[in-house]
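To start, the structure under review is shown below, and the notes come after it.
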């Protein structure tokens, strides 16, 4: 199937990055959010991020202008009905995602492929609430989308080969690389990454090391570009906790039990960079560890 028009639900951190890469790859993009302000901020951010690519010589000014012209915005979910492909990139809560797909169904075309950018929620379960489980897949981009090369493709139990091959072609056109995962909690990346982050929080909780020593140890001792606690702040501690809960609930193994300290930070509203405080305090000139 030839995908030409792409509808994206959610203009947050992931949604605007997905819109960015699709528009640069030549797709017509319709970006949806319930907030006009979020849509305006998203377009401004896309403009600035492509400008950065222009300054580095990765994108021409002509390509930038053409990409921005391909992006339209709307606050009406029903407007996405014209899309060949819909990518849901809303908050990581299953009830929210289910409601979005249920509201979309009366408006989409028979051939429209539905996907979710979920990082951990069951694709089979989300698909079962739609009228086209065979045309439903997990389409998991990494953050930040314009920089990260990987896209996880997750087939639900009913996903057909045509849908899977179509999305393989889309990822190739985006210039990214596919990792195909089975539909189990956390898929591949978060099944491995989140327990590492959770273990780093346990290491802090049990007093084995400070925030600084844990992050320095993993950067200099394991050659990680970012320490696990710094990375958790970048992802969002609420997102990390939500994924750990999905792993714990879905796999029923105590090794996935979220660290109580991670829960405490989320209860405090210290969610990382997006709230200016997490394992680091970002309100000053340079980040300062909070423990």
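Filter region 243-291 for residues that are in contact with a helix residue (DSSP H, G or I) (Cβ under 7 Å, 6 or more places away or on another chain), closer than 19 Å to residue 186 by Cα and assigned to a loop (DSSP other than H, G, I, E, B) and give the result. 257, 258, 259 - these are the residues of region 243-291 that are in contact with a helix residue (DSSP H, G or I) (Cβ under 7 Å, 6 or more places away or on another chain), closer than 19 Å to residue 186 by Cα and assigned to a loop (DSSP other than H, G, I, E, B). Criterion applied to 16, 65 was being in a helix (DSSP H, G or I), under 26 Å from residue 105 (Cα atoms) and in the same structural domain as residue 134 (by TED's automatic domain parsing), and the one residue passing it is 16. Candidates 214, 157, 123: the one that is within 30 Å of residue 103 (Cβ to Cβ) and touching a helix residue (DSSP H, G or I) at 6+ places or on another chain (Cβ under 6 Å) is 157. Mind telling me which of the residues 11, 23 ends up being in a loop (DSSP other than H, G, I, E, B), in contact with a strand residue (DSSP E or B) (Cβ under 8 Å, 6 or more places away or on another chain) and crowded, with 18+ Cβ neighbours inside 10 Å? Selected residue: 11, the only one of 11, 23 that is in a loop (DSSP other than H, G, I, E, B), in contact with a strand residue (DSSP E or B) (Cβ under 8 Å, 6 or more places away or on another chain) and crowded, with 18+ Cβ neighbours inside 10 Å.
The values are calculated or read from the model by the stated rules, or taken from the named source; none is laboratory data. Since the model is a prediction, treat every value here as computed from it, not as a measurement. All Cβ positions, glycine included, derive from the backbone under ideal geometry; neighbour counts span all protein chains shown.
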